[in-house]
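Here is the structure we will look at, set down as C-alpha cells.
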Amino acid sequence: MCTTCGCSGQSNTEKGSTANKNAHHHIHHVDQHNFNSADDQARMIEVEQNLLSKNDHFAALNRTKFNQKNIAAFNLVSSPGSGKTSVLTRTIENLHNNCGIAVIEGDQQTDNDAERIREAGAQAIQINTGKGCHLDAHAVGHAIEKLNIQNTSLLFIENVGNLVCPAAFDLGERAKVVVLSVTEGDDKPLKYPDMFRASKLMLINKIDLLPYVDFDPGKTIEYARRINPDIEVILLSAKTGEGFEQWRQWLLT
C-alpha cells in the first residue's frame, strides 16, 4: 500500500484518446504492515521518503519536458463532486481558439470524464488508478508520451478526487489549483491544510447555488489565507459562466 495514504496502485491503467488500448504502468506500492514498534515507524518514514524522492525525480523530468515546449501545466485537485470536469469543459469551450489544450484525467474507474473532455473539443487521456487515490509523476509522464501536445499549449491534469494525498505529489505542474464547491463546508481549508498550502489558486465553484446553501465565501477565503497567505482566489460558476473571464486571464498570464 502507499505509505502516504494507504492506497494501492496495482491496477493503474491508461486509456488513450484515440484508441481503446490499455497499458499497465507502475505506480508506487509497498506491502501492508502493522507499524507498531519504533523500528517499524522508522521504516515507514524511510519508505515514504524514498517514495516521494522517486516521484520528485519523475516530476522533474516532466517539468523539463513542459519547459522545453513552453507548456503550462496545471494540476486540478479537489474533493469528489466539486465540479472540476465541468470547469474544464467550459474552460475548453472558452479557450480553444486561443491555444492548444490537452487534458490528463485521473479517476479510480471509468473514462466518463475523458469522454466529456473530448466532446468539449480537447484531446484527453484517461488514467485509471484502481484503488489508488491520486496520480503520481511517473504515470503522468507515460500519459504525456501518448498525447500530442503542441508547443505553447495548456495541459490540465485533473487529479483523483481527494484533498489529502495529491498535496504531497508533485507532477511537474506549474501550479496546483484547488477547486472547492459551495456545496462543501466553508471550513475545508482548515480541515485539509496541506492541500491549500500547496495550491497557488483556489477556485470557489458553483456560486450560482449560494442563495440555497449555508456557505460563506468570505470565511473560506480567510481560512485559506490563514494556511497560505499568498493563495489567489477566483469565484466562478461552471453553470452560468460567471467568473470565467478572470479564470481565463489567470491561465493566460
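The values are calculated or read from the model by the stated rules, or taken from the named source; none is laboratory data. Bear in mind the structure is a predicted one, so any value in this text is a computation, not a measurement. In this analysis, Cβ positions are derived from the backbone assuming ideal geometry, glycine residues included, and neighbour counts consider all displayed protein chains.
Overview of values
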read-out	value
Candidates ASP107, ASP111 - the one that is of a type in the set (D, E, K, R), at pLDDT below 95, in contact with a helix residue (DSSP H, G or I) (Cβ under 8 Å, 6 or more places away or on another chain) and on the phi < 0 side of the Ramachandran plot	ASP107
Residue match in segment 71-92 (condition: farther than 23 Å from ILE207 by Cβ, in a helix (DSSP H, G or I) and touching a helix residue (DSSP H, G or I) at 6+ places or on another chain (Cβ under 9 Å))	no
Residue tally, condition of a type outside the set (A, V, I, L, M), outside any helix (DSSP H, G or I) and either modelled with pLDDT under 95 or at negative phi (or both), over segment 168-222	18
Where a residue in segment 122-141 is among the β-branched types (Val, Ile, Thr) and its partner, wherever it lies, is at pLDDT below 90 and not in a loop (DSSP other than H, G, I, E, B), with Cβ under 8 Å and at least six apart	ILE125/GLU14; ILE125/LYS15; ILE127/THR13; ILE127/GLU14; ILE127/LYS15; ILE127/ASP107; THR129/ASP107
Failed item, numbered, when GLN109 is tested on (1) crowded, with 23+ Cβ neighbours inside 10 Å; (2) closer than 23 Å to GLU184 by Cβ; (3) of a type outside the set (Gly, Ala, Ser)	(1)
From GLN109, GLN68, GLN123, residue being over 21 Å from TYR192 (Cα atoms), in contact with a Ser or Thr (Cβ under 8 Å, 6 or more places away or on another chain) and not aliphatic (A, V, I, L, M)	GLN123
Those residues of segment 200-214 which are without any contact (Cβ under 8 Å) to a residue 40 or more places away in the chain and either closer than 25 Å to THR89 by Cα or under 18 Å from the mean Cα position of the chain (by Cα) (or both), in sequence order	LYS200, MET202, ILE204, ILE207, ASP208, LEU209, LEU210, PRO211, TYR212, VAL213
Residue within segment 93-100 that is surrounded by 20 or more Cβ atoms within 10 Å (Cβ to Cβ) and not aromatic (Phe, Trp, Tyr) present	no
Candidate set: segment 162-178, residues that are touching a strand residue (DSSP E or B) at 6+ places or on another chain (Cβ under 6 Å), surrounded by 20 or more Cβ atoms within 10 Å (Cβ to Cβ) and not aliphatic (A, V, I, L, M); chosen: the one farthest from SER53 (Cα to Cα)	LYS176
Any pair with Cβ under 7 angstrom, 6 or more apart, that starts in segment 224-248 at a residue that is farther than 16 Å from VAL182 by Cβ and ends at one that is part of a helix (DSSP H, G or I) and among the aromatic types (Phe, Trp, Tyr)	ILE227/PHE196; ASN228/PHE196; ILE231/PHE196
Segment 77-102, residues that are under 17 Å from HIS134 (Cβ atoms) and among the charged types (D, E, K, R)	LYS84
Test: residue in segment 232-251 that is part of a helix (DSSP H, G or I), of a type in the set (A, V, I, L, M, F, W, C) and farther than 28 Å from ILE144 by Cα	no
